[in-house]
Amino acid sequence: MVRFKHRYVLAEIEFGNDLLIYNLVQQGRRNVLYAAVRDIVEQLHGSYGIGLLTPGLSVKYINEYTRMVMVRCRREHLKLLTSAIPFIKHLPDGKGGQLLCFLRTLHVGGSIRACQKWLIQHNRQVLPTLLLRCTGEEEKSRMRKSIFDSNIVKEEPWNAGSTETAT
Amino acid sequence: MKRIVSKDDAPYYYLKVSLEFEDETVAVDILTFRTVIMKAMMSMYGEVGAAIQIDILKYEGETMSAILRVAGSSAVKLWGALTLLSYYDEKPCAFRVHQVSPFLMALASSSRQLLMSTV
């Protein structure tokens, strides 16, 4: 089967002053990051890089609250993208200024589902770290509850016909 | 007698090029020439391309022709970038690539410059 294979790069945006929510104009969200990636690839790899990357380039997922972004590119040109992402130094805020930021690449996956599975597991590991940074008893109890909720494993239903041997 | 066959890219490629401006009175010195080459690589291959090592082995100011040396893996990039340059400093110009060879000796005497006597 002939098809275009892609790679999905999962990155976390880090702002210098630890912004909790990245306030971006709602409809311009995906375009802002797409423009930033395209500009940096043009600067680093020139017209050649733009020509290679643009057909498969697309921003697939942005989460404002956890600051996660997922960018897609063609499989052959993954290195162009991953080498360019660390050079993104600022993103425009909604009011015409520039925010200093850094995109930390977390994971590269072959499909959106694979990236999502990894992201769930990553968030499970990060939650206890966030618990340590909580101040105040009320916050801590809420954190503990969400850690507990996220780690619940579905219980297998009892098999009614099985005989129980007493041990 | 031992025969050695090498299948990789040659270590260096040598290009004989000359720069032509549409306005014939323009002449550039060697430093400006190097800047023109760098601008060509920068526009086509970005900063990564502009960082490729390109040496000017010989430069003639009057004819603006030069012999360049570049790593074998980047020869095609340089050749393409030079070919596609059309402007420098808002002046229309063009690079003519006369000869490309992995051996410098080949640029010294090439059959293109042979003068056959026609009687």
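Kindly rank A:34-41, B:25-32, B:108-115, B:37-44 from highest to lowest mean number of other beta carbons found within 10 Å of each residue. Kindly include the intermediate steps, with their values, before the conclusion.
Working: A:34-41: 18.6, B:25-32: 12.4, B:108-115: 8.4, B:37-44: 20.6.
In descending order of packing, they fall as B:37-44, A:34-41, B:25-32, B:108-115.
Quick check on packing: order B:56-67, A:133-144 by the mean number of other C-beta atoms within 10 Å, highest mean leading. Working shown, then result.
Working: B:56-67: 14.8, A:133-144: 11.2.
Those peptides, ordered most packed to least, come out B:56-67, A:133-144.
Dipole of the protein assembly as shown computed with +1 at Lys/Arg Cβ and -1 at Asp/Glu Cβ about the Cα centre; of B:VAL100, A:ALA114, B:TRP79, farthest Cα towards the positive end is A:ALA114. What the phi angles of segment B:35-48 give under the Karplus curve with 6.51, -1.76 and 1.60, with θ = phi - 60°, is a coupling list of 5, 4, 4, 5, 5, 4, 5, 5, 6, 8, 10, x, 5, 5 Hz, glycine and proline written as x. At the listed q of 0.17, 0.22, 0.31 Å⁻¹, the Debye profile of segment B:19-64, built from one uniform point per Cα, gives log10 I(q)/I(0) equal to -0.54, -0.80, -1.11.
Consider all pairwise Cα distances in the protein assembly as shown and report the whole-number % of them above 27 Å. Walk me through the numbers before you get to the answer.
Numbers: 25142 of 40755 pairs.
That fraction is 62 percent.
To the nearest 20 Debye, how big is the dipole of chain B about its Cα centre, given +1 on the beta carbon of each Lys and Arg and -1 on that of each Asp and Glu? Numbers along the way, then the final one.
On the way: 12 positive and 13 negative charges, 167 e Å.
Dipole of chain B, to the nearest 20 debye: 800 debye.
Each of B:THR32 and B:ARG96 was given a label point 7 Å from its Cα along the Cα-to-Cβ line. The distance between the two points is 1.9 nm. Chains B and A: what accessible area do they bury, summed, in square angstrom to the nearest 100, with a 1.4 Å probe? Summing both chains' loss of accessible area gives about 500 Å². Annotation: per residue accessible area for the protein assembly as shown equals 69 Å², rounded to a whole number [probe 1.4 Å, protein chains only]. Kindly write out, for segment B:17-34 in residue order, the coupling ³J(HN,Hα) from the Karplus curve 6.51 cos²θ - 1.76 cosθ + 1.60 (θ = phi - 60°), rounded to whole Hz, with x marking Gly and Pro. Each residue of segment B:17-34 in turn: 10, 9, 9, 10, 9, 5, 7, 6, 7, 6, 9, 10, 8, 5, 5, 5, 4, 5 Hz.
Whole-Hz Karplus ³J(HN,Hα) for segment A:113-125, in order, using 6.51 cos²θ - 1.76 cosθ + 1.60 and θ = phi - 60°, x for Gly and Pro? So the J values, rounded to whole Hz, are 5, 4, 5, 5, 4, 5, 5, 4, 5, 5, 5, 4, 6. Gyration tensor over the Cα atoms of chain B: the corresponding equivalent ellipsoid has semi-axes (square roots of 5 times the eigenvalues, largest first) of 26, 22, 11 Å.
When you count, for each residue, the other Cβ atoms within 10 Å and take the mean per peptide, how do A:118-131, A:77-90 rank with the highest first? Can you show the working numbers first?
Details: A:118-131: 12.9, A:77-90: 17.0.
The most tightly packed comes first, giving A:77-90, A:118-131.
The values are calculated or read from the model by the stated rules, or taken from the named source; none is laboratory data. These numbers were taken from a predicted model, which means no experiment stands behind them. With ideal geometry, Cβ positions are generated from the backbone for all residues, glycine too; neighbour counts draw on all protein chains shown. Accessible surface is based on the protein model in full, side chains and every heavy atom, while ligands, DNA and RNA are left aside. Shrake-Rupley method; radii C 1.70, N 1.55, O 1.52, S 1.80 Å.
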